[in-house]
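Here is the structure we will look at, set down as structure tokens.
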Amino acid sequence: MEKKVPMRTCIACRECKPKRELLRIVRTENGIVADRTGKLNGRGAYICANAECFEKLKKRRLLNKVFSCPVEEGVYESIAEEIFGNKE
């Protein structure tokens, strides 16, 4: 029997994709961080690892809505680094 692939929805484009294809963003006690392992404790949200979804995330300030708290600009910058490496 084949193992079921966990599916998650991107908060920017609202597409359902396999969990491994998405980047998890977590609100922990220490703040909001990108979680490559997918194992950090805390409230999580998922985003596609591409420029289009990141632009929507930043422009609409979606993390503020998802986590119901103000999100600093530095958080968006650290997520950009996770997605694009050091290109931006």
To the nearest 20 debye, what charge dipole does the chain have about its Cα centre, counting +1 at the Cβ of each Lys and Arg and -1 at the Cβ of each Asp and Glu? 500 debye
Kindly write out, for the stretch 18-30 in residue order, the coupling ³J(HN,Hα) from the Karplus curve 6.51 cos²θ - 1.76 cosθ + 1.60 (θ = phi - 60°), rounded to whole Hz, with x marking Gly and Pro. x, 3, 5, 7, 10, 9, 8, 10, 10, 9, 10, 5, 8
Please give the calculated 222 nm ellipticity per residue for the chain, where each DSSP H segment of at least 4 residues contributes -39500 (n - 2.57) and the sum is spread over every residue; nearest 500 deg cm²/dmol? -8500 deg cm²/dmol
Once phi for every residue in the stretch 68-74 is put through the Karplus expression 6.51 cos²θ - 1.76 cosθ + 1.60 (θ = phi - 60°), the whole-Hz ³J(HN,Hα) values, with Gly and Pro written as x, are 6, 7, x, 10, 6, 4, x
Out of the total accessible area of the chain (probe 1.4 Å, heavy atoms of protein only), what percent is carbon and sulfur? 47 percent
Is any residue of the stretch 18-59 close enough, with backbone N under 20 Å, to a label point placed 7 angstrom from the Cα of Glu2 along the Cα-Cβ axis, and if so, which? 18-22
accessible surface per residue for the stretch 4-78, probe 1.4 Å, DNA/RNA/ligands not counted, whole Å² -> 65 Å²
Provide Thr28, Thr37, Thr9 ordered by accessible surface of protein heavy atoms (probe 1.4 Å), highest first. Thr37, Thr9, Thr28
Largest-first principal axis extents, alpha carbons of the stretch 1-67, Å: 42, 28, 16
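The values are calculated or read from the model by the stated rules, or taken from the named source; none is laboratory data. Predicted model, so just to flag it, every value in this text is computed and none were measured. Please note: Cβ atoms are built from the backbone with ideal geometry, for glycine as well, and neighbour counts cover all protein chains shown. In case anyone asks, the SASA skips ligands and DNA or RNA and just uses the protein heavy atoms, side chains included. Shrake-Rupley method; radii C 1.70, N 1.55, O 1.52, S 1.80 Å.
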